[in-house]
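Below: one structure, written as structure tokens.
The values are calculated or read from the model by the stated rules, or taken from the named source; none is laboratory data. Worth saying up front: this structure is predicted, and the values here are computed from it rather than measured. Please note: Cβ atoms are built from the backbone with ideal geometry, for glycine as well, and neighbour counts cover all protein chains shown. Please note that ligands, DNA and RNA were not included when accessible areas were found on the heavy atoms of the full protein model with its side chains. Shrake-Rupley method; radii C 1.70, N 1.55, O 1.52, S 1.80 Å.
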Amino acid sequence: MSAVNCGVRHCTIETSDGVKLHAKIFEPEEVEEESSSKDNPAVVLVHPYSILGGCQRLLRGIASGLASTGYKAVTFDMRGVGKSTGKPSLTGSKEIQDVVAVCKWASLNLPADRILLVGSSAGAPIAGSAVDKVEQVVGYVSLGYPFGLLASILFGRHHKAILRSPKPKLFVMGTRDGFTSVKQLKNKLKSAAGRVETCLLEGVSHFQMEGPAYDAEMVDLILRFVSSL
């Protein structure tokens, strides 16, 4: 699909427990030949760990890249981040409600019959816990899921939900990820249900992959995966 211009608008989304989330909608500008873009799934992106400075700004490059190829993409600050109200939780347990609220809002207001859920770093386990809580979510992409032993102290309670989900999954990781080894990733995914794909970026570290230098590559991987759903 050829690149098109994209626009950004802001909105506030309320969660089931009354937290108000600041979100941004990246969408292709209306172009007649892009009418087929209406059939594309909306992409909801979940940012890295709030407590270590994770915020929606880190996903701006991926979101604008997706919008420029005809997809609507949503980024948002989880509770306690930026202009969002509430307080972040240590293990990301409360933030599951944030992801569910944004997905449900997107399905009603964009509108979107299908949603692809993408989580970056700690956003991956949080998003994974929300996948089966929203009917419209048809697939899941993890960018640097922290499956390693130390990270599992915080996020281990999320593992079961995404590994049991029958929905299609793509796990993207650098081979030099400091939180998860390639062996740990493969061992975890042995028990995963449904269709599971992995993409390993040779010689790339966790935070390198999160950086803007890899945004275009992340967009390409997401597009390739979503086209198969």
Looking only at the chain, where both bridge partners belong to it, what percent of the DSSP beta bridges are antiparallel (to the nearest 5)?
35 percent
Descending packing, highest mean Cβ count within 10 Å first, for 120-128, 60-68, 183-191 is 120-128, 60-68, 183-191
Three-way shape label, segment 151-229, alpha-carbon gyration tensor, a/c 1.5:
oblate
Contact order relative to length of the chain, as percent, for alpha carbon pairs under 8 angstrom and 6 or more apart:
17 percent
Which peptide among 98-108, 139-149 comes first, and what is the full order, when sorted by highest mean count of other Cβ atoms within 10 Å?
139-149, 98-108
Set the Förster distance to 35 Å, then compute FRET efficiency between THR198 and THR85 from the Cβ-Cβ distance, nearest 0.05.
0.45
Distance (nanometres) between label positions extended 7 Å along Cα→Cβ at SER228 and LYS183
2.7 nm
Taking a cut-off of 25 Å between Cα atoms, list the lysines near LYS190, but don't count ones fewer than 8 places away on the same chain.
LYS133, LYS160, LYS167, LYS169
Quick check: from the Cα gyration tensor, does segment 59-176 come out rounded (a/c under 1.5), prolate or oblate?
rounded
Any chance you could look up the accessible area of GLU217 with a 1.4 Å probe, heavy atoms only, rounded to 10 Å²?
80 Å²
By how many nm would the segment from SER205 to LYS20 grow when fully extended, if each residue of separation counts as 0.36 nm and the alpha-carbon distance is taken off?
63.2 nm
Order of 204-211, 78-85 by packing, highest average Cβ count within 10 Å first?
78-85, 204-211
Roughly how many nanometres apart are two label points built 7 Å out from the Cα toward the Cβ at HIS10 and ILE153?
3.8 nm
